[in-house]
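The values are calculated or read from the model by the stated rules, or taken from the named source; none is laboratory data. All values derive from a computational prediction rather than experimental measurement. Neighbour counts run over all protein chains shown; Cβ positions are idealised from the backbone, glycine included. In case anyone asks, the SASA skips ligands and DNA or RNA and just uses the protein heavy atoms, side chains included. Shrake-Rupley method; radii C 1.70, N 1.55, O 1.52, S 1.80 Å.
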Amino acid sequence: MEVQQSLTVCVTGAAGQIAYSFIPLLLSGQVFGQVKIHLRLLDIPKMETALKGVVMEIEDCAYPLIGDIQSGSNPKELFKNCDLIVFLGGFPRLPGMERKDLLQKNANIFKEQGEALQEVGKEDVKCLVVANPANTNCLILSRYATKIPRQNFTCLTRLDQNRAYAQVAQTLNKPLSSLKNIIIWGNHSTTQYPSIEHATADGQSFVLSDQGQFIERIQKRGAEVLNARGNSSVFSAANAVKDHIKDWFNGREDTLLSLGVLSNGEYGIQNGLCFSYPIRCLGAFKYEIVSNLELSDFSKQKLKVTEEELIQEKGLAESI
């Protein structure tokens with residue numbers, strides 16, 4: 001793959017905590033390597049003063065890879081000429097708020113940003129949605145930016161995959177490097193299916209005696225972190241964003257990766273849902289869904305559960 005000398009990257013929610021952890025990874029070369037980054041920082045109007053503070057900190061780091069920096073609250077200005085947009089910004093889930101309430105708030109945000117992409121974005125811009133509910137936010141974004149190819153829209157399930165790898169490594173007392181092909185299927189929610197059905201440790205398949213407990217722990221790991229530290233995952237989420245983009249950009253064919261992508265009906269999943277699949281990253285922001293894995297009846301049932309939740313979210317988004 002020919003190395004690009006510079007990339008224009010926009011980060012939304014740029015005054016937030018995940019951005020505060022992700023931006024140093026981006027500008028220190030841990031995402032793209034020795035590629036100059038022209039940075040665009042977007043947040044809501046009331047955060048523009050805080051954004052100026054973020055820009056000052058970036059300047060004070062004196063990163064050799066930083067090009068120009070622009071910040072503000074207008075997506076139609078900041079999405080122009082971007083090669084990659086990382087959508088960290090969204091309405092947060094507040095106490096007492098149901099998932100459908102969160103979806104309603106974010107549907108309007110991602111509709112507006114999709115419209116901005118359609119108007120000013122490059123046709124080959126790549127999009128990574130992190131703000132929750134990530135899968136359906138990604139779907140909404142793509143619906144309003146139809147000039148951009150469907151395969152250019154992804155959502156983050158790499159954090160769930162990283163969590164699953166860490167838990168398996170601890171359970172088996174194996175190094176992380178010995179593990180391959182742990183897969184996250186479906187929605188980034190408590191219906192997701194973390195699967196070891198095709199995983200190996202030192203090249204050998206394995207079973208977990210507490211598979212049900214393992215699945216539930218990965219499904220609820222975000223809540224476990226929230227309860228322990230009084231805040232949601234931040235630097236682990238930023239690290240997963242880094243991993244997702246790095247492998248999407250550079251390619252990684254030694255193991256299956258988990259990305260939320262728009263379905264074409266693979267494994268019987270409804271066409272058009274943003275669904276986390278086993279993915280092979282090919283480099284230059286290209287990927288393929290690995291669509292020929294044999295699934296047990298147990299796995300098929302788990303996929304149906306998480307698909308049904310995504311269908312419900314899609315229906316609610318469409319009604320909004």
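Using a 1.4 Å probe over the heavy atoms of the protein chains, calculate the carbon and sulfur portion of the accessible area of the chain as a whole percent. Roughly 48 percent of what the probe reaches on the chain is carbon or sulfur. Accessible area per residue for the chain, computed on protein heavy atoms with a 1.4 Å probe, is 45 Å². Screening the chain for whole DSSP H helices of 15 Å or more along their axis (Cα) with average Kyte-Doolittle hydropathy at least -0.5 returns 17-27, 48-61, 235-250.
Computed from the Cβ-Cβ distance with R0 of 25 Å, the FRET efficiency linking Ala223 to Leu176 stands at 0.60. The lysines within cross-link reach of Lys246, meaning a Cα-to-Cα straight distance under 28 Å and a gap of 8 or more places when in the same chain, are Lys36, Lys52, Lys76, Lys80, Lys111, Lys122, Lys126, Lys147, Lys174, Lys180, Lys220, Lys286. Adding -39500 (n - 2.57) for every DSSP H run of four residues or longer, then dividing by how many residues the chain holds, sets the calculated 222 nm ellipticity at -13000 deg cm²/dmol. Extension gain, Ser319-Gln30: 0.36 nm per intervening residue step, less the Cα-Cα distance, totals 100.0 nm. Here the extension length gained between Thr146 and Asn264 equals 40.9 nm, from 0.36 nm per residue of separation less the Cα-Cα distance. Using Cα pairs closer than 8 Å and at least 6 residues apart in sequence, work out the relative contact order for region 158-318, in percent. Relative contact order here is 24 percent.
Database remark: amide H of Arg252 closer than 5 angstrom to the amide H of Cys281, Leu282, Gly283 (H placed geometrically; neighbours at sequence offset of 5 or more, or on other chains; Pro and chain starts carry no H). Around the Cα centre of the chain, unit charges on the Cβ atoms of Lys, Arg, Asp and Glu (plus for the first two, minus for the last two) sum to a dipole of about 240 debye. When the Cα positions of Ile311, Ile215, Ala284 are compared along the charge dipole of region 158-318, Ala284 comes out farthest toward the positive end, with charges on each C-beta of Lys, Arg, Asp and Glu.
The trypsin sites (Lys or Arg not before Pro) of region 139-197 meeting both criteria, a DSSP state outside H, G, I, E and B (loop) and at most 13 other C-beta atoms within 10 angstrom of the site's C-beta, are Lys147. What's the longest bit of the chain with no exposed GluC sites (Glu not before Pro), using DSSP loop states and at most 11 other Cβ atoms within 10 Å as the test? The answer is 124-293.
Computed with a 1.4 Å probe over protein heavy atoms only, the accessible area of Lys174 comes to about 80 Å².
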